[in-house]
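The next block holds one structure in the form of C-alpha cells; read it before the comments.
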Amino acid sequence: MNMTKRLRKTEGFKIVGTRPQRPDGIEKVTGRALYGADLSVPDMLHGAVLRSPHPHARIVSIDASAALEMPGVRAVVTSADFKKQAKFFMQDTLDNCMARDFALYDGHAVAAVAAKTRKQAEEAAAKIRVEYEILPHVTEVEDAMKPDAPILHAGRSYRNIPEGNNANVTNYVEFGHGDVEAGFKDADLIVERSFKTAATHQGYIEPNACVASMGPDGRGELWVTTQGHYMVRDFCAPFLGLEESKLRVTPSEIGGGFGGKTTVFLEPVALALAQKSGKPVKMVMSREEVFRASGPTVSSWTDVKIGMTRDGKITAAQAKLRYQGGAFPCGTIALGAMTAFAAYDLENVQALGWNVMTNRPMQASYRAPGAPMAIYTVESVVDELSQKLGLDPLEVRLKNAAKKGTKSSYGPTFSDIGLVATLEAAKNHPHYRAPLGPNQGRGISCGFWFNFGGNSSVSLHVSPDGTVAVTEGNPDIGGSRASISMMAAEELGIPYDKVRTIVGDTNSIGYSDTTDGSRVTFTVGIATIKAARDAIRVMKGRAAKVWGIDEDAVIWEDGAAKPSGPNAGEFPPMTMEEIARNAFKTGGPIAGHYEANSDGAGVSFGVHLVDVEVDPETGFTKILRYTVFQDAGKAIHPAYVEGQMQGGAVQGIGWALNEEYIYGADGRLQNPGFLDYRIPVASDLPMIDTVILEIPNPGHPYGVRGVGETSIVPPLAAISNAVSRAADVRLCELPMSPPRVLAAIDAKG
Amino acid sequence: MVKVTLWGSLRSATGGLEQVEASGTNTREVLDDLAKKYPALETVIAGGVSLAIDGTIYKDAWFTPISDSSEVVLMPYMAGG
Amino acid sequence: MRFESPATLEDAIHLLANAKGTARVLAGGTDVLVQMRLGLVTPDLVVDIKGIPGMRDITPVDGGYRIGAAVTGAEMGEHAGLKALWPGVVEAMELVGSTQVQGRATMAGNLCNASPAADSVPAMIAADAVATIEGPLGLRLLPVAEVPAGPGKTTLTKGEIITSIFLPARPKHSGDAYLRFIPRTEMDIAVSSAGVSLSLGPDGMVEFARVAIGAVAPTARLVEEAGAALVGTQLDAATLDRMMAAVRAACDPIDDKRGTAEFRTKTAAVMAKRAAKTAFARAGGKS
Amino acid sequence: MSKIHVTTTVNGDTVEYLCEPTETLLDVLRDRLNLTGAKEGCSTGDCGACSVELDGRLVSSCLVLAAEAGGKTVATVEGMAKGENLHILQEKILEHAALQCGVCTPGILVAAKALLAKNPDPTEEEVRFWLAGNLCRCTGYDKIIRAVLDAAAEMRGA
C-alpha cells in the first residue's frame, strides 16, 4: 500500500478497535501513580488559604502580623503580591485566585500562608485579621437580574446588552433563523414552559493540588494536577511576572477533571508563596474548599416555547436562557444558546441568552459546558408535545432530526452527522420495546456537542531497539495514552506493546492546548499519526540509503521498509528494528514530530434511553435501565469510548436527580462535601449499556470524533421525561430530588 | 466577496445586518476586512472568535482558505470541558 | 490534644472526669474525627476506650444481648444470635455510613453523637433498649430514649461513659424493623426514619407495639399513639392510616438542605408504615 | 504537644513512627511512610479513596487516628501485588478498563478485596452496596462492577 493512499483509513485496522491495557495501568492499580498531592520534595512548606466567610464584602484591610509570628510560618501573600493584568479575562482569573479589594463569594481566597506543616499554615491563616465591609449579596439568577439587585461589578457588560438589564448582565446572545412568530401560527399545539437547573460540580475525586518552587534566579517549577499545563503556565507566568519559558510546569496524574481543571486556583498562590519564602510549597484543597472555591457549572433559568403540527413537525422553537456563572463575566451562555436546538432541522428557531453575575464562585467548564441545561429544556418540551399529541417521542425526533444539509440552529450547515443513525439504533434496540410496570416510565433525549480541534504537539522517538517512545503535551484524563499508543502502533505497523506514550512537561514538548472539548483523541491523534509518518519518512530514507536506491522507491508496510516493486531492486523487507539498530551508522537518532493546529473535529450526537420507577409515596426515583447510543466516529479503544459514555451518563444522572449547590439566605454554601452534595454511588445504578455507532469523521485520518462530552447532555431530559411519565406530572426543575418530585405528585392531587 | 453570517446579537454592530460581505481568501483577510468595515466588530474579533466554514468549525487560525462560495458563519470562541 | 488509651474503665473515667477543656470518648471515631477535621470540635483530650475489657464484646444476658460500647456495626451484622433476635436494630446500625464506616462505627457512639437523624436510635427506642452508663459516681441504667437531650447534646454528665447497650429478651412471635428515607440508596443521613417493634398474641393480633421516629424532631422520639394504634389489629389499611396519622402528629421537623418539614413528616409516616409491615411479617403475622 | 510512638504492621512489615495525636492513619501512611496509594478525597469518610484494611476490617484511614494503629495490622493497596504478580482484582480492573483517572482505584481494590474475602460469590447488588462508599466519578461504576464479579469468579475457580 502506498503512503499517499493511506491518508485516510477507515477499515483494515490491526490495532485500532482493539482493547489493550493502558500504559499507565500498572502504576494506577498498584498505588504507585503520582497525583497532585502525592509529591513531596525536600524542605517543602505547606500552604493554606484564608477564605472569605462573606458572600460579598469590601476588603478594608488585611493584617497578617499575628500570623507571621506563628510557629513555622515563612510567608503570607495577598493580592498585592501579584502583577496586575491588562486583559479583563486574565485579571478576573487572578482576582478569582486571590480577592482584590472585594470578596465576591463565600470561600473567595483573601490571603495565604506557607508554614512548615499544613496544620501550622491553617492555624496561622486563621490568625490573619481581615476587616470587611459587608455588602448586600445575590446568589440566584432570577434575583440577580432584578432592577434593584446588588451589583457585583459595574462596567463589565458587553456593549450589545439590550436596555433594561442591570449591570450584572454581562453577555447577551441571539442565535437562530426564520420567523418564529410566523412558525407558531402554523402549529397545532404550542407548549411553553419555564425550567430551572441547579449549579453542579464536576465532582472529581482528587482535590486540586500542586507543589511550586521558585529559585532566586526567577525560574519556577510547578507540579500540578491539571487538564492543561500550558494553560497553567499561560496564567501563572504573567501573574508572577515571569517569562513563560522560565516556568516549567509538569502535570501529575490527574484524578478527574471534567472541565473543572481547565483553569487555575491554587497554582499562582503556591508560586507566590514559594517566591516569597524561597522554599518549595505544597498546596492541597480540602474537599470543602473544592466545593466552595473551585469552579462549579452555571445554574440556569430558561423559558422554552415550541410549536408542533398534529403529525409531529416542529413549526417554530424559541428559548430564552439565563445563566448565572458566578462572580465574573463568562461566555458559557453562548454555548447554551447554540446547542439548545442543535439536534433539530428547524425552519424557524430562535435562542436568546443572558449571562448574569452572582456572588458565587467563578464557573468553570463542566463537560459540554452550557449544553446539558439548554438541551434539557428543549428535550423536555419536545417530549411533552409528543405526549400531548399522542405521538411516539422517538418518531417525533426522527421526523425533525438534523441531518446532512440541515442549516443548524447556530448557523452553519451540517455536513456528515450521525443523529438519524443514532435515533434509528435506539428505535431498533430491544430496550425501546421492553414492557414497563406500574409507576415506571421511559424517557428519551438527544444530545449534542461540538468537539474541538486546536493545538497539540507530539514527538515520536524510535529507540535503538526499535521500540517507540511518544511524548505528547495533553494530560490524560480518560485513557488517552492508550489510544495515542494505539494510533502510533497502527501507523507504524508495529505491535501496541512496542509503543509507550507519556505526557511531557512544558519544556520538553511543544505547546498543547488544554485537554478539553473532547479534543485529545482527535487532535493528538492527528499529531501522532503525522509524527509517525514523519518517522516513517526518515526510516524509509535510511533503508533507501542502505539499499542504494531512491527514497521514493521505498514503501512502508507492516512495520518494515520495502522496495516499491521489482524496478526498485530486489531486497528483503528491512524491519523497523533493523533500521533502528543501525540508526547511528545511517544518519543518527530517528524521530518524528508534528505540531498540529487542527480543525474539523466533527460534532457528535447521542441518544439516551432510560427507564425509571418513581415511588409515589416518597418521590424517590430508581434508575432501572439505561442505554446510551452515541456516534464515536471511529472508536480507537472501544472500552474507553464506552467508559466515556457510561461516565457522562452517570454524571448526568446525578445532575438530574440529586446534585445541587445549595445556598442559604446568608449567601453561604450549605453543602460543601460529598455527604450532602450527592453524586451517584454504585448502589444507585444499574449497568449502563452502550451502543457505539461508527460514522467516520472525514476530518480525521482514522475517522475519529470526540466522544467525551456528548454523553452528559442527554441524561437530564431523558430522566426528566421518564420521571414525568412515571409520575404522570411534568417536572421542570433540576435536580428532581425526592422532596420536589413528591411535592409535584401531591400537587397533582 | 465572501458572505459572512453573524450570530444574532452582533447585528447591533452591523446596523442590523445578519449577513455581511467581506473580501479575502483566508480567515485572516476576511476577519481583517470585517473589522475594517464594521469597527464595532473589532473588539469581538480581537477577543477571539470561531468560524464555521462549510460546516466545519475553525478557531481563528489565520490561513484557513475561504472561497467566495464558502458558507462562512462567525461564531463565539469555544471552550470545553 | 492528648490521646489516651486506658486499659481499665476506672482509668478512663478518671481521665474524663479530671479533663480540662474539651474531652471526647473515642470508640469508632466516625463522628468525632469528622467533627475534628471540620473544626467543629477541638478536643484537648481523646480517650480511646477500645482497649478496655468488655467494650468489644456481645454478651448474652437474660435472653437478651449486652453490646459493648466499642462493638462495630460490622460485628453486630456478623452476630447470628443478635441478628435473629433484633433484626431491625442490627439493620439500623448497618445503615450507618459505608462499609468502611461499618468497620468502625458503634451503636453507643451513634447514640452519644446525639444526632436527631442517628439511624440506630429509633430502632433502639422501639426495642426499649437500655444504656449502661458508668461514671465517677458509679453505674446507672438509662433507657436509650433518655440519652439524647437535643441535637449534639446528651444527658450524660462529666466523666460518664456509656459502656454497653442492652437489648432485652422478647416474647415469641415478635419482630422489629427500621427504615429510613434518604435521597440515594446509601451514604446519606436519614431525612426521616422509623423503627417499629411489635409482638403478636396467640390470636395473631398485635399485642404490643412500639413505634419510634427519627430526623423529625430535636431527638428521636417514641410515638406511643402510633404503637397503640397497631395493638389488637393485623395491620389492616385503616389501622395503618391511623398509625401514620399518629406519626405525622408527633413530627416536629425543620426545613433544611436535606428536606422540607412537610416532606420529612410525610415520609416519616411512610417509613413507619413500611417498617410496621416488615416487623409484622417477621413476627410471623399474617394479614 | 508530645508525639506518640507507634509500632504497627503495614503490608506485613513492622514499622514504627512518631505521630501527632491529631494525625490520622491516612496522614501517616502518606506523609510519614511514603505510601501514597491511599488518597485523600474528602477526609470525612464520604469517598472511600483512603480505604485500607485494619486488622482485616475495611476502614477509611482518614477516620482512624494514627495513634490507634499501635499493635494492629494495616493492609494498603501497595501490598496487594506479590512481587511482579498482580492480584486478580488488579488484573481484572485493567482487563475491563475499569478505571479512567484511577484516583479511586486503590480504594476500590482494597474494598473489593475485603468483600471477596468475606463473600467469594457476591451478586451484582451485593458488590454495588459494598462499594457504595467508594465514589468513582469517571466510570459510572459499570466496568468496576463487572471487573469485581469477574475476579470473584476467577478466584473461586482458582
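The values are calculated or read from the model by the stated rules, or taken from the named source; none is laboratory data. Just so it is clear, the model here is predicted, and its values are computed rather than measured. Positions of Cβ are backbone-derived with ideal geometry, glycine not excepted, and every protein chain shown enters the neighbour counts.
Right, residue A:584: of a type in the set (Phe, Trp, Tyr), closer than 22 Å to residue A:380 by Cα and either in contact with a His (Cβ under 8 Å, 6 or more places away or on another chain) or at pLDDT 95 or above (or both) or not?
When the stated conditions are applied, residue A:584 does not pass them.
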*Quick check: is even one residue across the stretch A:434-453 free of Cβ contacts under 8 Å to residues at least 12 places away in the same chain and outside the structural domain of residue A:487 (by TED's automatic domain parsing)?*
yes
*Residues that are within 22 Å of residue A:452 (Cβ to Cβ): find the strands (runs of 3 or more DSSP E) completely inside the stretch B:7-81 holding 2 or more of those.*
B:49-53, B:56-58, B:72-76
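Condition check ((1) closer than 26 Å to residue A:646 by Cβ; (2) facing chain A (nearest Cβ under 7 Å); (3) crowded, with 21+ Cβ neighbours inside 10 Å) across all residues:
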| site | (1), (2), (3) |
| --- | --- |
| D:47 | yes, yes, yes |
| D:91 | yes, no, no |
| D:103 | yes, yes, yes |
| D:111 | yes, no, yes |
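Can residue D:151 be described as in a helix (DSSP H, G or I) and either among the hydrophobic types (A, V, I, L, M, F, W, C) or not assigned by TED's automatic domain parsing to the domain that holds residue D:16 (or both)? Please lay out each step first, then the result.
Working: in a helix (DSSP H, G or I): yes; either among the hydrophobic types (A, V, I, L, M, F, W, C) or not assigned by TED's automatic domain parsing to the domain that holds residue D:16 (or both): yes.
Answer is yes for this residue.
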*asked:* Please go through the stretch B:40-60 and give me each residue that is facing chain A (nearest Cβ under 9 Å), more than 21 Å from residue A:697 (Cα to Cα) and not hydroxyl-bearing (Ser, Thr, Tyr), ordered by number.
replied: B:40, B:44, B:47
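Conditions tested, residue by residue: (1) in contact (Cβ under 8 Å) with a residue 40 or more places away in the chain; (2) touching a Ser or Thr at 6+ places or on another chain (Cβ under 6 Å); (3) under 30 Å from residue A:438 (Cβ atoms).
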residue	(1), (2), (3)
A:621	yes, no, yes
A:626	yes, no, yes
A:639	yes, no, no
A:652	yes, no, yes
A:661	yes, no, no
A:675	no, no, no
A:685	yes, no, yes
*Name every residue in the stretch C:177-186 that is surrounded by 24 or more Cβ atoms within 10 Å (Cβ to Cβ) and within 7 Å of another protein chain (Cβ to nearest Cβ), in order of residue number.*
C:181
*Within the stretch D:67-82, identify whether any single residue is within 30 Å of residue D:21 (Cα to Cα), more than 9 Å from chain C (Cβ to nearest Cβ), crowded, with 22+ Cβ neighbours inside 10 Å and polar (S, T, N, Q), and answer yes or no.*
yes
*Mind checking which residues of the stretch A:678-706 are of a type outside the set (D, E, K, R) and within 14 Å of chain C (Cβ to nearest Cβ)?*
A:679, A:680, A:681, A:682, A:683, A:685, A:686
*asked:* So, restricting to strands (runs of 3 or more DSSP E) that lie completely within the stretch A:426-532, which ones have at least 1 residues that are within 14 Å of chain B (Cβ to nearest Cβ)?
replied: A:440-449, A:454-462
*What are the residues in the stretch C:190-229 that are over 19 Å from residue C:124 (Cβ atoms), part of a strand (DSSP E or B) and in contact (Cβ under 8 Å) with a residue 40 or more places away in the chain, if any?*
C:200, C:206
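For the stretch C:247-268, enumerate the residues that are under 21 Å from the mean Cα position of the chain (by Cα) and either outside the structural domain of residue C:191 (by TED's automatic domain parsing) or without any contact (Cβ under 8 Å) to a residue 60 or more places away in the chain (or both).
Applying the first criterion (under 21 Å from the mean Cα position of the chain (by Cα)) to the stretch C:247-268 yields C:247-248, C:250-254, C:258, C:264-265, C:267-268.
C:247, C:248, C:250, C:251, C:252, C:254, listed by residue number.
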*Residue by residue through the stretch C:33-60, note down the ones that are without any contact (Cβ under 8 Å) to a residue 24 or more places away in the chain, within 13 Å of chain D (Cβ to nearest Cβ) and at negative phi.*
C:33, C:34, C:35, C:36, C:37, C:38, C:40, C:41, C:56
*Determine, yes or no, whether residue D:36 is within 15 Å of the chain's Cα centre (by Cα), at the interface with chain A (Cβ under 8 Å from one of its Cβ atoms) and either surrounded by fewer than 24 Cβ atoms within 10 Å (Cβ to Cβ) or free of Cβ contacts under 8 Å to residues at least 24 places away in the same chain (or both).*
yes
*Working only within the stretch A:342-391, note down all residues that are crowded, with 24+ Cβ neighbours inside 10 Å, under 22 Å from residue A:182 (Cβ atoms) and of a type in the set (S, T, N, Q).*
A:350
*Given the structure, is residue A:113 crowded, with 16+ Cβ neighbours inside 10 Å, of a type outside the set (Gly, Ala, Ser) and either at pLDDT below 95 or more than 32 Å from the chain's Cα centre (by Cα) (or both)?*
no
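Residues checked against (1) touching a strand residue (DSSP E or B) at 6+ places or on another chain (Cβ under 8 Å); (2) basic (Lys, Arg); (3) assigned to a loop (DSSP other than H, G, I, E, B):
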{"site": "C:84", "(1), (2), (3)": "no, no, no"}
{"site": "C:91", "(1), (2), (3)": "yes, no, no"}
{"site": "C:101", "(1), (2), (3)": "yes, no, no"}
{"site": "C:108", "(1), (2), (3)": "yes, no, no"}
{"site": "C:114", "(1), (2), (3)": "yes, no, yes"}
{"site": "C:123", "(1), (2), (3)": "yes, no, no"}
{"site": "C:132", "(1), (2), (3)": "yes, no, no"}
{"site": "C:142", "(1), (2), (3)": "yes, no, no"}
{"site": "C:162", "(1), (2), (3)": "yes, no, no"}
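Here's the yes/no breakdown for (1) within 14 Å of chain B (Cβ to nearest Cβ); (2) in a strand (DSSP E or B); (3) under 24 Å from residue A:503 (Cα atoms); (4) in contact with a Cys (Cβ under 8 Å, 6 or more places away or on another chain):
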site	(1), (2), (3), (4)
A:248	no, yes, yes, no
A:255	no, no, yes, yes
A:261	yes, no, yes, no
A:273	no, no, no, no
A:279	no, no, no, no
A:290	no, no, no, no
*Would you point out which residue out of A:413, A:422 is β-branched (Val, Ile, Thr), farther than 15 Å from residue A:628 by Cβ and touching an Asp or Glu at 6+ places or on another chain (Cβ under 8 Å)?*
A:413
*Take the stretch A:412-456 and flag every residue that is within 30 Å of residue A:511 (Cα to Cα), in contact with a Phe, Trp or Tyr (Cβ under 8 Å, 6 or more places away or on another chain) and among the polar types (S, T, N, Q).*
A:451, A:455
*Taking the condition at negative phi, among the β-branched types (Val, Ile, Thr), more than 9 Å from chain D (Cβ to nearest Cβ) and surrounded by fewer than 24 Cβ atoms within 10 Å (Cβ to Cβ), does residue A:662 pass?*
yes
_As an exercise: evaluate residue A:329 against (1) in contact with a strand residue (DSSP E or B) (Cβ under 7 Å, 6 or more places away or on another chain); (2) surrounded by 24 or more Cβ atoms within 10 Å (Cβ to Cβ); (3) within 30 Å of residue A:167 (Cβ to Cβ); (4) within 14 Å of chain B (Cβ to nearest Cβ) and give the number of the one condition it does not meet._
(2)
*Hey, among the residues in the stretch A:167-194 that are farther than 29 Å from residue A:311 by Cα, among the hydrophobic types (A, V, I, L, M, F, W, C) and in contact with a strand residue (DSSP E or B) (Cβ under 7 Å, 6 or more places away or on another chain), which one's farthest from the other protein chains (Cβ to nearest Cβ)?*
A:169
